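Everything on this sheet refers to the single structure shown next.
The values are calculated or read from the model by the stated rules, or taken from the named source; none is laboratory data. Computed from a predicted model, the values in this text were never measured in an experiment. We place every Cβ from the backbone using ideal geometry, glycine too, and count neighbours over all the protein chains shown.
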Amino acid sequence: MKLSTSIFVVLVISCNLLLPFAHASETLTVTVTNHAGEPLEYAVISTFTQNDNNHPAISPPPILVIDQVDKEFIAHVTPIQKGTAIKFPNHDQIRHHVYSFSPAKNFEIPLYKGLPAKPIVFDQLGAVSLGCNIHDWMSAYIYVVDTPYFALTDEKGQASMTLPAGDYDIHYWHPDLDEKSGPITQTIQLENGSAQAISTQLTIKQSWSFRRGPLSLNNRGRYR
C-alpha cells in the first residue's frame, strides 16, 4: 500500500512540474500582398521559434506528390520541410523529362510515363526550380525549409498556421520575389489565448499566371 501511494505522489509531482512547460496552440493568420496591394497567391511563409522550449518533436516528413497533368505540374509552388521525399508521377499520355539545375537540388528523371521507381529526397534548404526538357512552358517550384511551421498563401493572399505561444521570426518567399529587395523577414510575439493576424507586402518582379489542374491525393495532382 505504501509503494502504491509513493508511485501516485511521484506521478502527481511529475505532472505538476510539466505544467509550466505546456504551451497553448494559437492561430496565426498572415495576409500577403504585392507592391500594388493585390492579394499574392503562392507566397511561402515559414516561422522559426526563438524559444528553446518551443521546438517541436522531430518526425519523418510524409512523402508528397507533384503530378503532371495536361502538360502542367500540379502544383505550381510546393513548400516542404527538409528531408521530405516527393514522387513525380506522369499522368499524361506522353512522356516528360523532369529536371532541376538548382543548387538546393540538382536531378533529372529522363523521359518516362507513369510513376518513377524512386521518389526524390530534398535534403538541402532553398528554392528548387522544376522544368521539363520536352515542354519549355512547364515550370514549378519547391521551397525547402528547416521548420515544421510553414504555409502557402491562397488566391486571397492568406495563410494560417497553428503555433505554440512564443516569439517567432517569420520568413517570406515567392518565386517572383524581387531579389533587390533582399530577404523579407518579420518578428512577432504570439501570446496565449489570442489569435493574431499580420500582413506584409512583397515586391514582385512581374505578374505571372499558370494553368490550374485537378486536385490530388495531397491536393497536388491525380496520383493515387
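Worth pointing out:
- Checked against (1) surrounded by 13 or more Cβ atoms within 10 Å (Cβ to Cβ); (2) in a loop (DSSP other than H, G, I, E, B); (3) modelled with pLDDT of 90 or more, K156 meets all criteria but (1).
- Taking the conditions (1) at pLDDT 85 or above; (2) aromatic (F, W, Y); (3) surrounded by 15 or more Cβ atoms within 10 Å (Cβ to Cβ); (4) in a loop (DSSP other than H, G, I, E, B) in turn, Y141 satisfies each one other than (4).
- Neighbours by Cβ (under 8 Å, 6+ apart or cross-chain): first from region 152-176, among the β-branched types (V, I, T); second not in a strand (DSSP E or B): T153/L40; T153/E41; T153/Y42; T153/A43
- Residue in region 165-189 that is nearest to the chain's Cα centre (by Cα), counting only those that are outside any strand (DSSP E or B) and surrounded by 12 or more Cβ atoms within 10 Å (Cβ to Cβ): H174
- Checklist (1) over 19 Å from A43 (Cβ atoms); (2) surrounded by 13 or more Cβ atoms within 10 Å (Cβ to Cβ) applied to N192, failing item: (2)
- Check on Y149, at pLDDT 95 or above and of a type in the set (S, T, Y): no
- Residue in region 213-224 that is modelled with pLDDT of 95 or more and of a type in the set (A, V, I, L, M, F, W, C) present: no
- Only listed residue being surrounded by fewer than 19 Cβ atoms within 10 Å (Cβ to Cβ), over 23 Å from L40 (Cβ atoms) and at pLDDT 95 or above, chosen from N133, N106: N106
- Test: residue in region 34-51 that is farther than 29 Å from T203 by Cα, of a type in the set (D, E) and at pLDDT 65 or above: no
- The listed residue being in contact with a Phe, Trp or Tyr (Cβ under 6 Å, 6 or more places away or on another chain) and surrounded by fewer than 21 Cβ atoms within 10 Å (Cβ to Cβ), out of A85, A151, A127, A117: A127
- Test: residue in region 52-72 that is over 18 Å from the mean Cα position of the chain (by Cα), closer than 23 Å to H174 by Cα and loosely packed, with under 15 Cβ neighbours inside 10 Å: no
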